[in-house]
Amino acid sequence: MSFLNLMKVAIRAIAANKFRSFLSMLGIIIGVAAVIIMMAIGQGSKESVRQNIQQMGTNVLTIRPGADRRGGVRRDPSEMQTLKPIDYETILKEKKFVTYVSPEVTASGQAIYGANNTTTSLYGEGIDYFDIKQWPVIKGEEFTEEDIRKSAKVCVVGKTIIDELFPDGAEPVGKMIRFKSIPFRIVGVLKPKGYNSWGMDQDNVIIAPYTTVMKRLLAQTYYSNIVCSAITEEMSNDAIDELTQILRTTHKLKDDQEDDFTIRSQQEMMETMTSTMDTITIILVVAAAFSLLVAGIGIMNIMLVSVTERTKEIGLRMSVGARGIDISNQFLIESIMISITGGIIGVIVGWTGTYVCELFALPTSIPLWSIIVSFAVCTVIGVGFGYFPAQKAANMDPIEAIRYE
Amino acid sequence: MEKKVVIELQDVRRDFIVGEETVHALRGVSFKIYEGEFVTIMGTSGSGKSTLLNQLGCLDTPTSGEYILDGTPVRKMSKSQRAKLRNRKIGFVFQNYNLLPKTTAVENVELPLMYNTRYNSRQRREAAVKALQAVGLGDRLEHKSNQMSGGQMQRVAIARALVNDPAVILADEATGNLDTHTSFEMLVLFQKLHAEGRTIIFVTHNPEIAQYSSRNIMLRDGKIREDTQNPHILSAAEALANLPKNNDE
Ligand SMILES: Nc1ncnc2c1ncn2[C@@H]1O[C@H](COP(=O)(O)OP(=O)(O)O)[C@@H](O)[C@H]1O
Ligand SMILES: [Mg+2]
């Protein structure tokens, strides 16, 4: 039978059992929509993570104390105290591929102004920090080299701190706030950054000279990190080599000793993040794909019912000259049509669903290939799960089929 | 002048193996049927009529012996070759009509031609309309199968058997589900087709019908018991006219 006629027969068979056909399509619809939405969210989050990291500067390098031990091995506390002022000074002296360097110490706690207080993080940084992070002060001033030398009790603050501590809209610059009972004078306000893609409020920070935080607050002589920037993103690896050399020398490590510090580029961070996102996306998509498998089994079930129901029709068609292949084509086309129609509706639902997700501020982006893949998968499902019922129909004995009641 | 042989059976046997036992449904059947004959095949239940008809209709192949349909030996043919042969050379009429549900008369009649790539849709429709006119349903082309009476449905089925201009029309108890009046109408139709030169094989257990055919083959236990020509073919049209007019469609 010609393809066109096979299509007509299939449409008629589907139309004759509209509700049943719809139910068997429903699985495909849900499956395809789920795959598309999952992929769109996965892709969208990945893009937004990438943008975020790019905003932070792709040439940023972070030196952390301790060997590179990913995977949660408990560290010796002394291992976390390997970054010392000597390291910072040597880097400043010998750097070639590195432009900016800033020691970093961190503390968290309550910031208080008058009757208002808020929980926040305090970062002790060098003056290069604002250049490394490309994070300008929009009101007031950055703190100065002088402030660092004198361990001055000054700070710049993020927008959230202002919102929390000065809810009445008072001018913050020049005001004294307290962090863990130490008074800090606000000298500047940072440009707002908003939330990052893993939901952290980047404006909930106070940044003070690292010397102040180390001496007056933490009473420690080592750094939490040292942040640097390579001259360009492309020179990141040279910068890492250079820093490694410097630190190994200052730490007096022998050749057979492993590094007691870890240098991570933003590039690497991005790769780690996106590969994590990829893994999550794959897990979500695989889960959604399983629903497609279940949908395929549903179609197979319906097709088997349909074949049995139409045994007499099959017998008749065979007796008037339909070959096995004509019969199997007829049922295959029917199952392909069910799954592709389901696929089309699924793509539309997936699209709508993605749009709704976007309304709820989830970053999304529909990769075109996910739609193409959905159609391919639907066809494969139609053929794959229609094959067995179609074969069953094609192998019927016309004599018995036509007598079937 | 020798007439053309349409069907030739040479010692056809058909055994069915049921569990441990072998059922000999046909035990060596031989006959020739010539073009233009109207043959009734009769016999009691279990005598092998359906088995024989399945052989003649190429729905089944003999265990031994040979069947030659319109010059083509059938025994060694593959399933799909036989499907094609049925499509081109045979028209079936079944006891229970076997029309496609919710489908119009024309579409039902077109069905065999759907499996013949030599017909395009226009030719298919033309042939179907012609066949429906031949069975007196020229005015019911677009009626759906579920809107028709038994007699009308059987006419559609006969039109479907005619549409491919077959070498032989095979009818299996084609009047079995119909009342007397309608049965005679069908016989009138078969006699008309016979008069037009068609070859018809009509399986029935009703001895009366044999009187309206040109030849009668009696089966018993899978063998031919009698094979007689009918010198005095009765007219179904006359019989119909003499029937009391209490049944109508
Ligand atoms: N498919 C089959 N399997 C086993 N036995 C069969 C089969 N078809 C027919 N028979 C047997 O062959 C014999 C002839 O059957 P059949 O041709 O149907 O007779 P009829 O149509 O004259 O009543 C019967 O004994 C029947 O039981
Ligand atoms: Mg029978």
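One table, with the values for the structure above:
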| item | result |
| --- | --- |
| Chain pair A, B: total accessible area buried, heavy atoms, 1.4 Å probe, Å² | 1900 Å² |
| Spatial separation of Cα centroids for region B:175-199 and region A:299-376, in angstrom | 46 Å |
| Set of lysines with alpha-carbon distance to residue A:191 below 28 Å, sequence-local pairs under 8 removed | A:46, A:133, A:139, A:150, A:153, A:159, A:175, A:180, A:215 |
| Solvent-accessible surface (1.4 angstrom probe) belonging to residue A:47, in square angstrom, nearest 10 | 80 Å² |
| Antiparallel DSSP beta bridges within the protein assembly as shown, percent to nearest 5 | 70 percent |
| Rg/Rh ratio calculated on Cα atoms of region A:100-228 (Kirkwood radius) | 0.93 |
| Protein accessible area in region A:100-228, 1.4 Å probe - carbon and sulfur % | 49 percent |
| q = 0.17, 0.28 Å⁻¹, region B:118-185: log10 I(q)/I(0) [Debye, one scatterer per Cα] | -0.65, -1.33 |
| Length-normalised contact order of region B:5-247 in % [C-alpha pairs under 8 Å, at least 6 apart] | 27 percent |
| Span per principal axis, largest first, for the Cα atoms of region A:1-71 (Å) | 73, 25, 21 |
| Within chain A, helix-based [θ] at 222 nm, where runs of 4 or more DSSP H residues each add -39,500 (n - 2.57), nearest 500 | -18000 deg cm²/dmol |
| Within region A:21-176: Cβ-based charge dipole about Cα centre, in debye rounded to nearest 20 (Lys, Arg +1; Asp, Glu -1) | 580 debye |
| Kirkwood Rh and Cα Rg combined as Rg over Rh, evaluated for region A:1-137 | 1.34 |
| Rounded Å value of the spacing that divides the Cα centres of region B:1-65 and region B:212-246 | 19 Å |
| Diffusion constant of chain B at 25 °C, which comes from Stokes-Einstein with the Kirkwood Cα-pair radius and 0.890 mPa s, µm²/s | 131 µm²/s |
| Percent carbon-and-sulfur accessible area, region B:5-135, ignoring ligands, DNA and RNA, probe 1.4 Å | 47 percent |
| Probe 1.4 Å, protein heavy atoms only - accessible area per residue of region A:100-228 in square angstrom | 44 Å² |
| C-alpha center-to-center spacing [region A:159-206, region A:246-265] in angstrom | 37 Å |
| Accessible solvent surface per residue of region A:261-301, calculated while the other protein chains remain in place, 1.4 angstrom probe, Å² | 50 Å² |
| Lysines with Cα under 26 Å of residue B:79, excluding same-chain neighbours fewer than 8 positions away | A:8, A:312, A:392, B:32, B:49, B:89 |
| Lys/Arg +1, Asp/Glu -1 at C-beta; chain A dipole; positive extreme among A:273, A:62, A:81 | A:273 |
| Farthest positive-ward along chain B dipole, Cα basis, beta-carbon charges - from B:191, B:98, B:117 | B:117 |
| List of region B:37-57 residues, accessible area with partners at least 30 Å² below that of the chain alone (1.4 Å probe) | B:54 |
| 1.4 Å probe, heavy atoms, protein only - residues of region A:308-341 losing at least 40 Å² accessible area vs chain alone | A:316, A:317, A:319, A:320, A:321, A:323 |
| Dipole of the protein assembly as shown, positive direction: furthest Cα of A:236, B:244, A:218, with charges on the beta-carbon | B:244 |
| Percent carbon-and-sulfur accessible area, region A:332-405, ignoring ligands, DNA and RNA, probe 1.4 Å | 75 percent |
| Interface residues, region B:101-141 - accessible area loss of 10 Å² or more versus chain alone, probe 1.4 Å | B:102, B:103, B:107, B:111, B:112, B:114, B:115, B:124 |
| Mean shadow area of region A:153-257 over all directions, Cα convex hull, nm² | 9.9 nm² |
| The protein assembly as shown - convex hull of alpha carbons, volume per residue in Å³ | 269 Å³ |
| Solvent-accessible area per residue, Å², over chain B with all protein chains present [probe radius 1.4 Å] | 46 Å² |
| D (Stokes-Einstein, µm²/s), Kirkwood Cα radius, region A:232-295, 1.306 mPa s at 10 °C | 105 µm²/s |
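The values are calculated or read from the model by the stated rules, or taken from the named source; none is laboratory data. The structure presented is a predicted model; accordingly, all values stated were derived computationally and were not measured. Cβ coordinates were reconstructed from backbone atoms using ideal geometry, including for glycine residues, and neighbour counts include every protein chain displayed. These accessible areas exclude ligands, DNA and RNA; they are computed on the full protein's heavy atoms, side chains included. Shrake-Rupley method; radii C 1.70, N 1.55, O 1.52, S 1.80 Å.
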